[in-house]
Amino acid sequence: MAVTETRVKVAIISSWKGSGRVNWRDALGVIQHDRLILKYLRMGEVVGEDNFPFSTLSDLAVNVPDNYKLNPEKEHFGLKFYVPGRGDLTLILTIGDNLLIYDEKKFKEFVHTIFETLINGKAVRIQLARIKGGAINMDSKWQDGSLRIVSVKSAKKGRTERNIVVLDPDMRPIPIFSDVEDMDVEEVDMDGKKVQAWKIKHFYVSETVTSYLYIPEKKTRLFILRYLLKYIPGYFEFIMKVSKEFPTLQAEFKEVMEKELKELESLDETEKQILMALYSGLNPLEIHQFLGLSEREIEEIYDRMIDKGLLKIVMIRKVVDLTREGRKIVNKLIEYGLVSM
């Protein structure tokens, strides 16, 4: 039975075919509880079908290179499957330009539903608020739980957002991934045996606590990290610390850091000083004095930084001088005593 469905554009890249050519097809994407089905369409009629069991899914929300994208300005969602007889397949989903056929909002919900299908109901164990106020909380015990993606109110920010929670045995949600302040992996004792658990420092109810989360399935750990990366990108640095068991994630992080480093190295010293000055609150109209540059020089640098996407124009200041007609008006104002110098 279908959980949800939507119209998509789809391309399949096989590890067995060395070609970089991408063949896009129209399809109806259908999510069932245990699989993703693609019903290929031609003139609105189903002309074929592919079936991808989630048991063969090895990764999702993977990086899709721009040269593979149908339209780089639209969202693309990559999934990796291992299919016996076909090898490793990268499935890329996106939408076409015809808004009468494709719905961007439905596509985003379709992608989110894939995560829900993979994460909801997975068994975990949690030791909530093991550390409170810097001290061990002896009342904190390991308890069984299950994962669910729900809308939950942030205790710190006060706004409601979708996130992963742990449902305790009484089905009460524990917002373990809300208001995270740090994450790491630590070997801990769980009922007499040593396990690798996620050590999560987070704001809970009215204070910062440290909890431990044990997720037995490796794939589930990966899917959680992929979800957090996609929907809470501010957790990037935390996720780096707990993802060492996943080489693909580490390679993507390395690529991001190398790209950022390259961008930083492309800045000259003046541009760096301008960025720091603006960040510290210095008036942009006074920066030329701060750096000992002329107004014309600083405006040329601003233009360059705007082209790089580092600055934006919030107000245009007109630098003006009197025309001949303007000077005549001033002279008459003075002559008739309507103004004084």
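Distant-in-sequence amide contacts of I176, defined by a placed amide H-H separation under 5 Å and a gap of 5 or more residues or a different chain, comprise V166. Of F238, Y68, L311, which is farthest towards the positive pole of the chain's charge dipole, taken about the Cα centre with +1 and -1 on the beta-carbons of Lys, Arg and Asp, Glu respectively? Farthest towards the positive pole: Y68. Mean projected area of the convex hull spanned by the Cα atoms of the chain, taken over all viewing directions: 29.6 nm².
Under the simplified labelling scheme, the E5-Q32 pair shows an inter-label distance of 1.2 nm, with each label point 7 Å from Cα along Cα→Cβ. Roughly what angle does helix 247-265 make with the longest principal axis of the chain, taking Cα atoms, 0 to 90 degrees, to the nearest 10? Relative to the chain, helix 247-265 is tipped by roughly 10 degrees. In the range 144-256, the inverse of the mean reciprocal separation of distinct Cα atoms equals 14.8 Å; this is its Kirkwood hydrodynamic radius. Averaging Cα coordinates gives a centre for the range 24-57 and one for the range 80-104; these two points are 9 Å apart. Distance between the C-alpha centres of the range 221-279 and the range 121-193: 25 Å, rounded to the whole angstrom. In summary, the lysines within cross-link reach of K141, defined as a Cα separation below 26 angstrom excluding same-chain residues under 8 places away, comprise K122, K132, K153, K156, K193, K194, K199, K201, K218, K219, K241.
Once the Cα atoms are used to define both axes, helix 218-231 deviates from the longest principal axis of the chain by about 20 degrees. Of all the options G234, G29, G192, the one that moves most in a Gaussian network model of the chain with Cα springs shorter than 10 angstrom is G192. Size of the range 48-188 from its Cα atoms: along the principal axes, largest to smallest, the extents are 58, 39, 28 Å. Rounded to the nearest 10 degrees, what's the angle between the helix 295-307 long axis and the longest principal axis of the chain, both from Cα atoms, 0 to 90? With both axes taken from Cα atoms, the answer is about 20 degrees.
Listed values for the range 93-98 are Karplus-derived 3J(HN,Hα) couplings in whole Hz (6.51 cos²θ - 1.76 cosθ + 1.60, θ = phi - 60°), namely 10, 7, 10, x, 7, 6, and x replaces Gly and Pro.
No value in this document is a laboratory result; all are computed from the given coordinates. Source: prediction; values computed, not measured. For neighbour counting, all protein chains shown are included, and Cβ atoms are generated from backbone atoms with ideal geometry for every residue, glycine included.
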